[in-house]
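Please read the structure below before turning to the comments.
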Amino acid sequence: MNSKMLQGIGIASLSIVAVVFLIMGYMDIAVLFMTVLFVMTNMFRYRQMKAQGMDREAKWMRGMAVIFGILFFVVLGTILI
């Protein structure tokens, strides 16, 4: 399998898991999986934009991925405490 296929499967599975936890009523766990989903999608878009030569937009996507990565740990901390 190539990397795009693996990333697509990862993004789809995270989406399904987040929706399942949302339906079950575990909002905090659903938000945790959504932040990981946003990190993955933004990193995927970063790589695509970088490959296409859109450096400014790629830098923005990388920054958004970092912000959501930090927010993942914030959400994880609020769940564990």
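How charged is the neighbourhood of W60? Take every other residue with its Cβ under 14 Å from the Cβ of W60, and add Lys/Arg as +1 and Asp/Glu as -1. Mind dumping the intermediate values first?
Numbers: positive: R45, R47, K50, R56, K59, R62; negative: D55, E57.
Neighbourhood net charge equals +4.
Kindly write out, for region 65-81 in residue order, the coupling ³J(HN,Hα) from the Karplus curve 6.51 cos²θ - 1.76 cosθ + 1.60 (θ = phi - 60°), rounded to whole Hz, with x marking Gly and Pro.
Along region 65-81, the couplings run 5, 5, 4, 5, x, 5, 5, 4, 5, 5, 5, 4, x, 5, 6, 6, 8 Hz.
Apply the Karplus parameterisation 6.51 cos²θ - 1.76 cosθ + 1.60, with θ equal to phi minus 60°, to every residue of region 41-53 and state each ³J(HN,Hα) to the nearest whole Hz, in sequence, with x for glycine and proline.
Whole-Hz 3J(HN,Hα) from phi for region 41-53: 5, 5, 5, 5, 5, 4, 5, 5, 5, 5, 5, 7, x.
May I ask you to derive the FRET efficiency for Q7 and I81 from their Cβ-Cβ distance with R0 = 22 Å, giving the value to the nearest 0.05?
That pair, Q7 with I81, gives E of 0.10.
Measuring from a point 7 Å past the Cα of L22 along Cα-to-C-beta, which residues in region 58-81 have an amide N at less than 15 Å?
Backbone N within reach: none found.
Tell me, F44, F33 in order of fewest to most beta-carbon neighbours within 10 Å? Please list the in-between numbers first.
Working: F44 18, F33 22.
Arranged by neighbour count, lowest to highest, F44, F33 become F44, F33.
We did not get these values from a lab; they are worked out from the coordinates using the rules stated. All of these numbers come straight from a predicted model, not from anything done at the bench. Cβ coordinates were reconstructed from backbone atoms using ideal geometry, including for glycine residues, and neighbour counts include every protein chain displayed.
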